[in-house]
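A.B. asks: Could you have a look at this structure, given as structure tokens, before my questions?
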Amino acid sequence: MTDYFVGKKEYFPGIGKIKYEGEESDNPLAFKYYDPERIVGKKKMKDHLRFAVAYWHSFCADGADPFGAATHPHPWIVDAHSPMEAADHKIEAAFEFFTKLGVEWYAFHDRDMAPEGDTPLESEKNLQVLVAKAKVLQKETGVKLLWGTANLFNHPRFMNGAATNPEFAVVALAARQVKAAIDATIELDGQGYTFWGGREGYMSLLNTDLKREKEHLARFLSTARDYARKQGFKGAFYIEPKPMEPTKHQYDYDVETVAGFLRAYHLDNDFKVNIEANHAELAGHDFAHELETAASLGIFGSVDANRGEPRNGWDTDQFPNSYYETALAMYAILKAGGFTTGGLNFDAKIRRNSVDLSDLFEAHIGGMDAFAVGLEIAQRIIDDDSIGSFVRKRYASFDTGDGARFEKGELDLTALAALGSEYGKIGITSGKQEYLENVINQYLFGL
Ligand code: XUL
Ligand code: CO
């Protein structure tokens with residue numbers, strides 16, 4: 001009896017179920033901090049963190065980069081005689097990996113799971129075959145779908161954009177693909193559906209009608225929302241902000257930009273954001289900045305957990321490993337009330353030269369341990385109210401009296417100005433930044 005799934009062939013032989021062994025363990029294939037059943041605050045660790053594996057990076061990306069050929073000859077592809085057979089092997093390898101790692105969620109693009117056919121109909125049929133198999137595997141293993149999406153950026157037809165393509169025929173083809181991906185997501189009981197606008201932007205303003213493209217994007221999203229709701233989809237729609245790459249400028253630049261767009265087109269009741277750490281960095285923001293901004297605007301949804309390489313400014317999609325960053329991220333996430341439909345999806349890939357079978361496991365184990373540590377620290381900061389009480393006190397002058405009247409909009413500028421008669425020592429109160437930074441470090445290393 002094993003407590004993991006193995007299909008027709010075992011793709012990760014010699015690796016069994018990954019277990020929590022604690023920080024004394026030196027077993028590279030064990031969790032040191034992620035203890036799924038452990039209660040933190042009021043929930044189990046696994047229910048706080050809701051880890052998901054990204055199908056595209058873990059089972060499709062082959063280590064190729066613009067300078068070199070593939071270095072990860074995936075056995076589930078090598079031993080297949082047709083693209084559909086490869087897809088069948090791949091899904092078995094994926095569920096073997098999910099269950100050995102012990103994650104409850106995954107996320108996928110349509111084209112990750114099923115190959116594109118010669119016609120739209122053939123592509124849809126391919127997807128339906130794999131979705132039927134995914135449904136059986138989900139039932140058998142208990143692994144669930146965090147979100148589905150459509151790949152609207154890989155095929156040359158999308159080189160000028162999908163929903164924002166200057167040619168209507170491409171917009172309609174993109175819609176057909178999204179419709180099928182929404183159907184697949186509903187069939188698999190997905191908790192969310194993501195739009196990452198990889199090519200929804202421009203390469204040159206000289207050939208671009210910005211106003212029209214943004215209106216087309218909004219129209220496209222509304223029609224997708226209306227269709228999904230009509231089909232009974234109750235989950236969340238996510239926009240995944242990213243400022244650039246592959247386009248020079250992407251319309252979903254960052255959380256604040258997306259929030260303005262959603263409000264302008266009355267999409268903010270259905271759409272939230274899926275925040276990716278590396279995308280935040282590309283936009284010139286801290287990961288925590290994007291999380292807190294989303295929470296403050298009421299659109300926090302889900303997270304693509306990864307990291308960039310701060311010195312080169314690319315979307316390197318590395319596995320998260322900074323406890324400092326995960327602690328600040330989890331603090332923002334817990335303050336926002338935690339995840340509802342969302343989770344922590346490892347939109348991260350092992351490096352081109354990470355060619356051992358165990359590397360994919362070690363990468364995820366490290367990422368999961370990093371977020372487990374981040375969660376523990378964030379929960380302690382919240383329980384002690386050490387930072388929260390400081391921030392509340394900082395704004396206490398708005399809690400009562402004239403400050404409260406200002407917040408309620410009861411003071412016009414004349415009344416407000418009349419209250420501004422004193423200079424004295426007003427405004428000379430320390431922001432205590434260094435002290436607060438020390439507090440965080442004490443939680444991280446001092447306990
Ligand atoms: C690309 C990216 C995508 C989305 C899903 O930068 O993050 O993989 O997460 O399309
Ligand atoms: Co992503």
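A.B. asks: Residues with amide H under 5 Å of Lys19's amide H, sequence separation 5 or more or different chain, H placed in the peptide plane at 1.01 Å from N; which?
C.D. replies: Phe31
A.B. asks: Another question, if that's okay. Could you give the nm distance between label points at Asp189 and Asp399, where each point is 7 Å from its Cα heading toward the beta carbon?
C.D. replies: 4.5 nm
A.B. asks: Follow-up question, since we're still on this one. Could you sort 319-326, 105-112 so that the peptide with the highest average Cβ count within 10 Å comes first and the rest follow in order?
C.D. replies: Top to bottom by mean Cβ count within 10 Å: 105-112, 319-326.
A.B. asks: Using r as the Cβ-Cβ distance of Lys17 and Met159, and R0 as 51 Å, what FRET efficiency do you calculate, to the nearest 0.05?
C.D. replies: 0.70
A.B. asks: On a C-alpha basis, how far is the centre of the range 207-262 from the centre of the range 3-43 in Å? Whole number, if you could?
C.D. replies: Taking the Cα centre of the range 3-43 as reference, the centre of the range 207-262 is 37 Å away.
A.B. asks: What are the aspartates and glutamates whose alpha-carbon lies under 13 Å from the alpha-carbon of Lys179, with same-chain residues fewer than 8 places away excluded?
C.D. replies: Here the aspartates and glutamates satisfying the reach criterion relative to Lys179 are Asp110, Glu124, Glu187, Asp226.
A.B. asks: Sticking with this structure for a sec: Note down the relative contact order for the range 19-384 as a percent, whole number, built from C-alpha pairs under 8 angstrom at least six residues apart.
C.D. replies: Relative CO of the range 19-384 lands at 18 percent.
A.B. asks: Below 12 Å, Cα to Cα, which aspartates and glutamates can Lys44 reach? Residues fewer than 8 away in the same chain don't count.
C.D. replies: Within reach: Asp35, Glu376.
A.B. asks: Can you give me the % of accessible surface on the range 19-384 that is carbon or sulfur? Probe 1.4 Å, all protein chains present, nothing else counted.
C.D. replies: The value for the range 19-384 is 53 percent carbon and sulfur by accessible area.
A.B. asks: Please give the residues of the range 46-83, grouped as numeric ranges, whose backbone N is less than 17 Å from a label point set 7 Å along the Cα-to-Cβ vector of Ser358.
C.D. replies: none
A.B. asks: List every residue whose amide H lies under 5 Å from the amide H of Ser302, counting only residues 5 or more places away in sequence or on a different chain, with H placed 1.01 Å from N in the peptide plane.
C.D. replies: Val273, Asn274, Ile275
A.B. asks: Listed highest first by mean packing, meaning other Cβ atoms within 10 Å per residue, what order do 284-290, 167-173, 191-197 come in?
C.D. replies: 191-197, 284-290, 167-173
A.B. asks: Compute the acute angle (0 to 90°) between the alpha-carbon long axis of helix 210-230 and the principal axis of greatest extent of the alpha-carbon atoms of the chain; round to the nearest 10°.
C.D. replies: Relative to the chain, helix 210-230 is tipped by roughly 70 degrees.
A.B. asks: Amide H to amide H, which residues 5 or more places from Asn151 or on other chains are under 5 Å from it, using H placed in the peptide plane?
C.D. replies: Asp110, Arg111
A.B. asks: Provide the per-residue ³J(HN,Hα) series for the range 76-93, in order, calculated from phi with Karplus coefficients 6.51, -1.76, 1.60 and θ = phi - 60°, each as a whole number of Hz, with x at glycine and proline positions.
C.D. replies: With coefficients 6.51, -1.76 and 1.60, one gets 6, 9, 4, 8, 9, 9, 8, x, 6, 5, 4, 5, 5, 5, 4, 5, 5, 4 Hz.
A.B. asks: Given the pairs Lys8/Lys46; Lys272/Lys393; Lys42/Lys144; Lys242/Lys349; Lys42/Lys90, which are separated by over 26 angstrom at their Cα positions?
C.D. replies: In this structure, Lys8/Lys46; Lys272/Lys393; Lys42/Lys90 lie more than 26 Å apart at Cα.
A.B. asks: So with the 1.4 Å probe, I'd like the accessible area per residue for the range 339-403, rounded to whole Å².
C.D. replies: 44 Å²
A.B. asks: For the chain, what is the calculated [θ] at 222 nm in deg cm²/dmol (nearest 500), taking -39500 (n - 2.57) for each run of four or more DSSP H residues and dividing by its residue count?
C.D. replies: Using -39500 (n - 2.57) per qualifying helix, the result is -13500 deg cm²/dmol.
A.B. asks: For the range 76-135 and the range 314-384, what is the separation of their Cα centres, given in Å?
C.D. replies: Using only Cα atoms, the two centres lie 26 Å from each other.
A.B. asks: Right, next: What is the distance, in nm, between label points placed 7 Å from the Cα along the Cα-to-Cβ direction at Ser25 and at Lys408?
C.D. replies: 5.6 nm
The values are calculated or read from the model by the stated rules, or taken from the named source; none is laboratory data. In this text, all values refer to a predicted model and were calculated from it rather than measured experimentally. Using ideal geometry, Cβ is built from the backbone for each residue, glycine included, and neighbour counts are taken over all protein chains shown. We work out accessible area using only protein heavy atoms, side chains counted, and drop any ligands, DNA or RNA first. Shrake-Rupley method; radii C 1.70, N 1.55, O 1.52, S 1.80 Å.
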